[in-house]
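Q: There's a structure below that I have some questions on.
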Amino acid sequence: MSKARGRSKPQPEPVLRSWDEADAALREIGAINRQTEGLQARLDERVAGLKASALEKLDPLAARKSRLEKDLQEYSDARRDADFGDGKTKRLTHGTVSYRISRAIKPERKLTWAKVLDLLKDMGRKGAHWIRTTEAVDKDALRDRALAGDDVSEFGCRLHTTDVWGYTIDEAALVREIQSDG
């Protein structure tokens, strides 16, 4: 009988064949970063210019719209009894104006929402029903506890350690190279 072997994924051959090629790749990444930053800066300038230009045109329109809305409400309020009668809506050729009951909860006079929250907390379980809470696992605290040597398995967690690859670009070396080439 033959022994069953587990399959292993074939590892691709690296494209780079030497540290000189790796250094050249870092140099190219640095150059790409500089080009990207330059393009992003020019894009940000253009967006800022477009935004400023649009705001110049939008601000007067928004102000005019706000003024018209205020005028409509004032006129409707002045004519409410005569033209609305028992109804809540006045239909016009280009739309409608209407009144709708709106109900919102607000703190009593001289109270703030913070004071209302304190009052609800003071009520204990009775007030807890009206307090929103957001719950989330504090992963940082659990990691710190595990790193301190404590067992976190009782919480259904484990410390997962990986060797994460990364790189840094030596910007000063790139600048020196650009200056010596130019």
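One line per residue, one yes/no per condition, for (1) outside any loop (DSSP other than H, G, I, E, B); (2) over 23 Å from Thr162 (Cβ atoms):
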position	(1), (2)
Glu108	no, yes
Leu117	yes, yes
Lys126	yes, yes
Ile131	no, yes
Thr134	no, yes
Val137	no, no
Leu142	yes, no
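Q: Quick check on my filter: what residues within the range 34-64 are of a type in the set (Asp, Glu) and over 30 Å from Ile169 (Cβ atoms)?
A: Those that are of a type in the set (Asp, Glu) and over 30 Å from Ile169 (Cβ atoms): Glu56, Asp59.
Listed here are the residues, each with its yes/no results for (1) outside any strand (DSSP E or B); (2) within 36 Å of the chain's Cα centre (by Cα); (3) on the phi > 0 side of the Ramachandran plot.
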| site | (1), (2), (3) |
| --- | --- |
| Lys57 | yes, yes, no |
| Leu61 | yes, yes, no |
| Arg64 | yes, yes, no |
| Leu68 | yes, yes, no |
| Leu72 | yes, no, no |
| Arg80 | yes, no, no |
| Thr96 | no, no, no |
| Arg100 | yes, yes, no |
| Arg103 | yes, yes, no |
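Q: Which of the following residues is in a helix (DSSP H, G or I) and either over 36 Å from the mean Cα position of the chain (by Cα) or farther than 20 Å from Gly166 by Cα (or both): Lys90, Lys51?
A: Lys51
Q: Can you find a residue that is of a type outside the set (Ser, Thr, Tyr) and in contact (Cβ under 8 Å) with a residue 24 or more places away in the chain anywhere in the range 94-107?
A: Yes, there is a match, as at least one residue in the range 94-107 is of a type outside the set (Ser, Thr, Tyr) and in contact (Cβ under 8 Å) with a residue 24 or more places away in the chain.
Q: Checking Trp165 against (1) in contact with a Leu (Cβ under 8 Å, 6 or more places away or on another chain); (2) modelled with pLDDT under 90, which single condition isn't satisfied?
A: Result: Trp165 fails condition (1) only.
Q: If we scan the range 125-134, do we find a residue that is of a type in the set (A, V, I, L, M, F, W, C), modelled with pLDDT under 95, surrounded by 10 or more Cβ atoms within 10 Å (Cβ to Cβ) and under 30 Å from Arg27 (Cα atoms)?
A: So far as the range 125-134 goes, no, none of its residues is of a type in the set (A, V, I, L, M, F, W, C), modelled with pLDDT under 95, surrounded by 10 or more Cβ atoms within 10 Å (Cβ to Cβ) and under 30 Å from Arg27 (Cα atoms).
Q: Here's something else I'd like to know. Mind telling me which of the residues Asp144, Asp170 ends up being surrounded by 10 or more Cβ atoms within 10 Å (Cβ to Cβ), within 34 Å of the chain's Cα centre (by Cα) and closer than 30 Å to Ile29 by Cα?
A: Just a single option satisfies the conditions, and that option is Asp170.
Q: Going through Leu43, Leu61, Leu39 one at a time, which residue ends up being surrounded by fewer than 10 Cβ atoms within 10 Å (Cβ to Cβ) and modelled with pLDDT of 95 or more?
A: Of the residues listed, the single one that is surrounded by fewer than 10 Cβ atoms within 10 Å (Cβ to Cβ) and modelled with pLDDT of 95 or more is Leu61.
The values are calculated or read from the model by the stated rules, or taken from the named source; none is laboratory data. As the structure is a prediction and not an experimental result, all values here were calculated from the model. FYI the Cβ positions are ideal-geometry reconstructions off the backbone, even for glycines, and counts take in every protein chain you see.
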